[in-house]
There are 2 protein chains.
Amino acid sequence: MKENTGKTKYVILGLLSHCPQTGYSIKKSIEFEYSHFWQESFGQIYPTLKALVSEGLAVSSDILESSDGRGQIVYNITEAGRAELEKWLSEAPDVEKIRYEILLKISFGTNTQSQVLLGHLDDFIERNEKTVSELDGYIEIFHVLKAQGEDHTFNELTALCGKYVYSAMRDWALDAKRIITERGEKQ
Amino acid sequence: MKENTGKTKYVILGLLSHCPQTGYSIKKSIEFEYSHFWQESFGQIYPTLKALVSEGLAVSSDILESSDGRGQIVYNITEAGRAELEKWLSEAPDVEKIRYEILLKISFGTNTQSQVLLGHLDDFIERNEKTVSELDGYIEIFHVLKAQGEDHTFNELTALCGKYVYSAMRDWALDAKRIITERGEKQ
DNA sequence: TGGATAATATATCATAAAGATATATATGTC
DNA sequence: GACATATATATCTTTATGATATATTATCCA
């Protein structure tokens, strides 16, 4: 029995707890709903699905050729899978590992011309601004749905986290531009 | 010739561009100076150092037994290494990949009791608050050094980014607690 | 109608990264 | 002297990412 103790296992269980899905739709769900704070690859998803089945945490359908002619394997969570998910949900989350390449380049900035760094920062500001607008759009949709009686509190909360974090990065980059520019003028 | 196209290569070149070092001191530098936005393991550092030497981007000393009796290999950057570093610094940084386990748990929150989520959020707030204080301390030190004529602009900028981001996460968690609590009361 | 492209779907491989462990010496301290 | 901590190199396993292979179906559009 293979171990596979990463988080992928729990993401998949979490998604299957909502509804039965194929590996492909799991990948797409993560891309569309979670891309701001999570990502998984096919290379992780398919082996993990097999491991979940062999551990009894999920069950797979036979290959269905009937539905639309395409072969697909639909996975569903088991009671044991739900229990495993609950257990993980109750445990304290790990500390985030973050790799900000732009900070490395800033940090080695003595080797770099100011103009290059300012260019990187402009791209960074634009990118983060775009993400914030996107998240604002989602938050608005969740509010509309809420007014219609649908509860999307937890989706709203994750979007809100993204908004705070990406706004902070944009604000930092604006400050950083100013500080680097002032420093350049002094020299 | 092995490729090794990850970022580890450039982090090491960046550190070696400041001063010659051993693999161990590279690990420690990253831990102490960059841990808020970067991390590397021995399993990445030692093989990458060998690859850098074989590519002519760094040179290694023979094993020195003399200095303090302990065997150590000191690495230094070459001119080709500096050129490679410059090239990388001028290229646009990749988009950050972020994995926030706490957001996954929030997102699967329908499966979880409010009390558990609020507990996770409390830990999260405390952790981020601590990090912000730590970064504030660094920023103050950089200001003192600046007053004494030492320029630490780029170290200050990276600490400032951390301060902004970790503050944003703390603020979000405070909001999240409020929203979850209100939702619980309504039901 | 044909042809190109995009979407659905499963799967594997190579590279990269993280984490754990092994080994050995040196230093500090109780 | 015993024990913990720090210095130092190295490897191994597990986990994650990115690219690629393969095949079918759906859609767009000229």
- Query: Does A:Glu84 fit the bill of being outside the structural domain of A:Ser167 (by TED's automatic domain parsing), more than 20 Å from the chain's Cα centre (by Cα) and not small (Gly, Ala, Ser)?
  - Reply: yes
- Message: Among the residues of the range A:5-19, what is the count of those that are more than 17 Å from B:Lys97 (Cα to Cα) and within 11 Å of DNA strand C (Cβ to nearest atom)?
- Response: 1
- Residue list for the range A:82-106, filter: assigned to a helix (DSSP H, G or I) and open to solvent by 50 Å² or more (accessible area, probe 1.4 Å): A:Arg82, A:Ala83, A:Glu86, A:Lys87, A:Ser90
- Query: Pick from B:Glu182, B:Glu129, B:Glu140: which is more than 7 Å from chain A (Cβ to nearest Cβ), acidic (Asp, Glu) and closer than 30 Å to A:Ser29 by Cα?
  - Reply: B:Glu182
- B:Gly184 vs (1) surrounded by fewer than 17 Cβ atoms within 10 Å (Cβ to Cβ); (2) in contact with a His (Cβ under 7 Å, 6 or more places away or on another chain); (3) closer than 28 Å to A:Leu13 by Cα: all pass except (2)
- Query: How about the range A:28-57: which of its residues are more than 10 Å from DNA strand D (Cβ to nearest atom) and under 24 Å from A:Glu134 (Cβ atoms)?
  - Reply: A:Lys28, A:Ser29, A:Glu31, A:Phe32, A:Glu33, A:Tyr34, A:Ser35, A:His36, A:Phe37
- Scanning the range B:107-126 for residues that are within 7 Å of chain A (Cβ to nearest Cβ), open to solvent by 60 Å² or more (accessible area, probe 1.4 Å) and at pLDDT below 95 gives B:Thr110
- Matching residues, the range B:32-64, being touching a Phe, Trp or Tyr at 6+ places or on another chain (Cβ under 7 Å) and touching a residue at least 60 places away in the same chain (Cβ under 8 Å): B:Phe37
- Query: Which condition number does A:Thr131 fail, the rest of (1) over 15 Å from B:Ile98 (Cα atoms); (2) part of a helix (DSSP H, G or I) being met?
  - Reply: (1)
- Note on the structure: Reported set for the range B:144-154 where residues are at negative phi and away from chain A (no Cβ under 12 Å) is B:Val144, B:Leu145, B:Ala147, B:Gln148, B:Glu150
- Could you tell me whether any residue of the range B:32-49 is within 16 Å of DNA strand C (Cβ to nearest atom), within 14 Å of another protein chain (Cβ to nearest Cβ) and more than 30 Å from A:Lys163 (Cα to Cα)? yes
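The values are calculated or read from the model by the stated rules, or taken from the named source; none is laboratory data. Here the structure is a predicted model, which means the values were calculated and not measured. Quick reminder, even Gly has a Cβ in these numbers, built from the backbone with ideal geometry, and neighbours come from all protein chains shown. For accessibility, only protein heavy atoms count, side chains too; no ligands or nucleic acids. Shrake-Rupley method; radii C 1.70, N 1.55, O 1.52, S 1.80 Å.
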